[in-house]
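What follows is one structure encoded as structure tokens, with my remarks underneath.
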Ligand code: EZ4
Ligand code: CO
């Protein structure tokens, strides 16, 4: 089944998504997500100029060979732009194979390992009380796991706190230049333990709690935070420190038993190899879009499984609903699946463009039973929402030093 056409479609139904459509000679097509938040057009150029021409007339069924051709075959490997481009092609080819077989993707991966995919949702607020009001509301909706982020007193903006913005879409889709935010580790430490102490008082012990540090701490500071939060029984602490130097996690691990999760910006198995093989983390958060697609996600999951590490794919709105669909299949299959981050199915415009029948019930995401990924994209409607440049913020310490956002 030859590949006849590869379309790269950029649309901004509130925030930018790069969607790839691979069309075969039989008329079967597949969809993939190639969105790299704030760098969207670099992936578009990579796909249009450097990938698409090489794939025309190749056999769409040869997913593994095409993946190797794009990764191993190029002298310039890895990196977010390259891997998002490869990811989108790979997802689209799995979508095609599923449609050709008449089976949902999770069946091709090995079938169902669980009834549904447990998700964690976000509760955030301007203060501890308000964060816990939101968490209580989500608990009432049946969610079993909640990530808590509260504003840091004395800082004008805090990661994860949406303020007067209605939702992530409004927040992330309207920044034509990178806004600058201030960070203070000392101020953060004055808030964080109280948040989790109050959370256990108010929400009880029958709910999973999580927290995202978003790379703001040094390894020894992360170790200190882990020790402070151990008694509140978090499901995991996310992105406690950067792991460009993976040995940083040796420092954290030798001080605390808090479960650790990282990986949303990882592009390959190599980015997490040392962390996993030394059992320095408990959850690997790689995403199909940013780690090269379904093919390497399966490999990462298997490598993690033999080291007792679970999967917990990134689920922020920088990943389009096409990526969420791919995750729903991987999560339904992976024997060592842990939890899926979930921030909703997007705003009205996004749901208009990306149609699917995934659903949330009792705190779980339920995968589509339709062949392939089980998601469609309305190319014509997408023209109503053209690309709009938008950036993530940058972070500075109070003295002006650039820091990790
Ligand atoms: O800040 O995806 O766990 N989720 C996160 C995200 C990231 C965004 C960056 O675009 O850390 O909210
Ligand atoms: Co995160």
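The values are calculated or read from the model by the stated rules, or taken from the named source; none is laboratory data. Only a predicted model underlies this, so the values are computations on that prediction, with no experimental measurement involved. Quick reminder, even Gly has a Cβ in these numbers, built from the backbone with ideal geometry, and neighbours come from all protein chains shown.
Can you pull out the residues in segment 53-70 that are in a loop (DSSP other than H, G, I, E, B) and surrounded by fewer than 21 Cβ atoms within 10 Å (Cβ to Cβ)?
Across segment 53-70, the qualifying residues are 56, 57, 58, 61, 62.
Checking the conditions here, which among 329, 314, 290 is more than 16 Å from ligand 1 (Cβ to nearest atom), in contact (Cβ under 8 Å) with a residue 24 or more places away in the chain and on the phi < 0 side of the Ramachandran plot?
Sole residue among the options that is more than 16 Å from ligand 1 (Cβ to nearest atom), in contact (Cβ under 8 Å) with a residue 24 or more places away in the chain and on the phi < 0 side of the Ramachandran plot: 329.
Could you list all residues from segment 12-52 that are in a strand (DSSP E or B) and within 14 Å of residue 317 (Cβ to Cβ)?
17, 18, 33 - these are the residues of segment 12-52 that are in a strand (DSSP E or B) and within 14 Å of residue 317 (Cβ to Cβ).
Evaluate the following for residue 314: is it part of a helix (DSSP H, G or I), within 11 Å of the chain's Cα centre (by Cα) and buried (at least 20 other Cβ atoms within 10 Å of the Cβ)?
no
Could you look through segment 246-269, keep only residues that are assigned to a loop (DSSP other than H, G, I, E, B) and either within 13 Å of ligand 2 (Cβ to nearest atom) or at pLDDT below 95 (or both), and pick out the one that is farthest from residue 87 (Cα to Cα)?
Filtering first and then ranking leaves 263.
State all residues of segment 186-245 that are over 16 Å from residue 260 (Cα atoms) and either under 22 Å from the mean Cα position of the chain (by Cα) or part of a loop (DSSP other than H, G, I, E, B) (or both); if no residue qualifies, say none.
Listed by number, the residues that qualify are 204, 205, 206, 207.
Before we move on, is residue 258 touching a strand residue (DSSP E or B) at 6+ places or on another chain (Cβ under 9 Å) and within 16 Å of ligand 1 (Cβ to nearest atom)?
Considered against the rule, which asks whether it is touching a strand residue (DSSP E or B) at 6+ places or on another chain (Cβ under 9 Å) and within 16 Å of ligand 1 (Cβ to nearest atom), residue 258 comes out as no.
Taking the options 304, 316, 288, name whichever one is in contact with a helix residue (DSSP H, G or I) (Cβ under 6 Å, 6 or more places away or on another chain) and within 16 Å of ligand 2 (Cβ to nearest atom).
288
Any idea which residue in segment 222-248 is farthest from residue 299 (Cα to Cα), counting only those that are touching a helix residue (DSSP H, G or I) at 6+ places or on another chain (Cβ under 6 Å) and surrounded by fewer than 24 Cβ atoms within 10 Å (Cβ to Cβ)?
The extreme case among them is 228.
Across segment 319-328, what is the number of residues that are away from ligand 2 (no atom under 15 Å from the Cβ) and part of a loop (DSSP other than H, G, I, E, B)?
Adding up the residues that qualify gives 1.
Quick check on this structure: which one of 134, 115, 124, 130 is farther than 16 Å from residue 291 by Cα, under 19 Å from the mean Cα position of the chain (by Cα) and either assigned by TED's automatic domain parsing to the domain that holds residue 285 or without any contact (Cβ under 8 Å) to a residue 24 or more places away in the chain (or both)?
124
Does residue 320 count as within 16 Å of ligand 1 (Cβ to nearest atom) and under 19 Å from residue 287 (Cβ atoms)?
Judged against the criteria, residue 320 is a match.
For segment 270-303, which positions are in a helix (DSSP H, G or I) and crowded, with 24+ Cβ neighbours inside 10 Å?
Within segment 270-303, 275, 294, 297, 300 meet the criteria.
Out of 376, 380, which single residue is over 21 Å from residue 106 (Cα atoms), more than 16 Å from ligand 1 (Cβ to nearest atom) and either in a helix (DSSP H, G or I) or not assigned by TED's automatic domain parsing to the domain that holds residue 301 (or both)?
380
Residues in segment 302-317 that are modelled with pLDDT of 95 or more and closer than 15 Å to residue 35 by Cβ: how many?
Count: 3.
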